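To start, the structure under review is shown below, and the notes come after it.
All of the numbers you see were taken from the coordinates with simple rules; none came from a lab. Note that the coordinates shown come from a computational prediction; the quantities given were computed from them, not determined experimentally. Cβ placement follows ideal geometry from the backbone for every residue including glycine, while neighbour counts extend to all protein chains displayed.
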Amino acid sequence: MNKLCSLLTATAGAAVLFTSVQVTGQDWPQWRGPNRDGKVAGFTAPEKWPEALTAKWKTQVGLGDATPALVGDKLYVFARQGSEEVILCLNAADGKELWRDKYEAQAVNGPASGHGGPRSSPAVAKGKVVTLGVGGILSCLDAANGKVVWRKDNWTKTVPGFFTAMSPLITGDLCIVHMGGKGEGTVVALDLASGNSKWEWAGDGPAYASPVLFTVDGSQQVVVQTEKNVVGLGLADGKLLWQVASPAQRMAQNAVTPVVDGSTIYYSGQGQGTKAIKIEKQGDSFAAKELWANATLGTVFNTPVLKDGSLFGLSDKGNLFCINAQSGEATWTDSTKHDRFGAVIDAGSVVLALPGQDSTLIAFKPNNKQYEELAKIKVSDTPTYAHPLVAGHRMFVKDKENLTLFSLD
C-alpha cells in the first residue's frame, strides 16, 4: 500500500492537442511526451542492443517520482531536498544546474511515506514551467530564469490520501489541474500568465490519473479520470458534457491516464479491467457508448500505449500484455512477473518498458501476435518510478534520487 503514493507513474492520446508549446521531435515537455500519448519521435533502435548502457553523467537531484521535462537543451526536474520541494533547470548536455527555485513543502506521512518526493510531472510551455507539489502547491515559473510568475496554495488543506499525483496540463493559454481530496474536488482552468481562474468544475475528488485533451465533432474537451467517473468537460468553459461511472474498486485507486484515439477513449483501473468507449454527439449534447470491456486484464500504476491498433501495457498482476484495440481481446500476455508500477513507451520500432522496482529497461517488438523480447538492461540500483526520457540516442533516467544521462549509441 505504501507504494500507492507513486501513482503518477500510472497516470494519453493520438488526438490530444498540446497547442501551447512548439516542440522539436526530441522534446518531452510534459507527462507522457509532446502529445501526452507516450510516443517518442525520431528514435532509431540499436541493431544490436548492448548488455549495458554508457552513462554520460549522473547527478543527485533529490527524492521523487516526477518525470523530468526536456525542452531544447534544458531539463526541468521536480524533486524534494530535505524539507523543501525544488524545481531545477539543468543543462541536458552535462547535467550542470542552471537555476533553482524552492519552497517549504508538506511532509509526506502515513502509507505514502516511503515516497517523500513529488510524483506530479512538470509541464513546460510558452516559456513557463508549471509544477504541482505533494501538498497541493501549484507553481508557475519563468522557464528561462526560474523566477516565480505565480504560486497558488488555495488547495493545500485537502489532498488525496496518497497525496497529489495528477500532472498539470497546459493548452493554449490555460493550465488545467484537478485539485481537492477524497469525495470532493474541482477541475480548474487557470490563466497561464496570471494564475487567475478562467473556469471551474466542482465534482468528484481527484484520482491519481492525469487529464488529456481530445476533439470530437469539433468540440475540444478535457477528459478526466476522477475517483468515481471518467468525465468530459468543455475546454472553453468547463461544462460537463458527459460522464461514465468508473468507481475505484475496494482498496484500489484510479491511476491510469485515459488513452485517446479519435472519438474513442480507453481507460483502465485495478480490479476493473480495461474498457473502450466512443463519444458521440447527439443533438446539442454528447453521449458515451461502450464499445467493449475486458474485465480480466487491466492496468493499475502505468498507462498503456496505443500502437498499430493494439494496446501495450503492464497489467495489475505485473505482466506485459497486448490487447486488440478494436475487440478488447488479449492477444498475448507475458508470463514474467514485474512490478506493477512502471512506464511503457512507444519508441517506433520497439516498445520500451521500465518497471519501477526492477529498474531494468525492457525492449520488445510491438508484435500483436506474441511477445518478442529484444533486450533487458539494468539502468539503476534504486527504483525508477519516473518515465525514462528518450531523445535521439540519449536516455535520461530518474531513479530514487539521481538523474542519469545514458547513451544508446
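Here the simple spin-label model places points 7 Å from the Cα toward Cβ, and for Ala93 and Asn154 these points are separated by 4.2 nm.
Across the chain, the volume of the C-alpha convex hull divided among the residues equals 117 Å³ per residue. Note that segment 61-77 has calculated 3J(HN,Hα) couplings of 10, x, 6, x, 10, 5, 7, x, 10, 10, 9, x, 9, 10, 10, 10, 10 Hz, one per residue in order, obtained from phi through the Karplus relation 6.51 cos²θ - 1.76 cosθ + 1.60 (θ = phi - 60°); glycine and proline are x. Pairs from the list Lys39/Lys102; Lys152/Lys281; Lys102/Lys400 with a Cα-Cα gap above 29 Å: Lys39/Lys102; Lys152/Lys281. A simple spin-label model places the labels of Glu51 and Asp142 5.1 nm from each other, with each point 7 Å out along Cα-to-Cβ. The length gained by stretching the chain between Asp73 and Lys182 to full extension, at 0.36 nm per residue less their Cα-Cα distance, is 35.3 nm.
Taking amide H positions as modeled 1.01 Å from N, with prolines and chain starts lacking one, the residues under 5 Å from Glu184 and 5 or more places away or on another chain are Gly205.
Shape class for segment 295-408: prolate, because the ratio a/c of the largest to smallest gyration tensor axis (alpha-carbon atoms, square roots of eigenvalues) is 1.5 or more and a/b beats b/c.
Decide, for segment 186-278, between rounded, prolate and oblate: order the square roots of the alpha carbon gyration tensor eigenvalues as a ≥ b ≥ c, take rounded if a/c falls under 1.5, and otherwise choose prolate if a/b is larger than b/c, else oblate. It comes out oblate by the Cα gyration axes.
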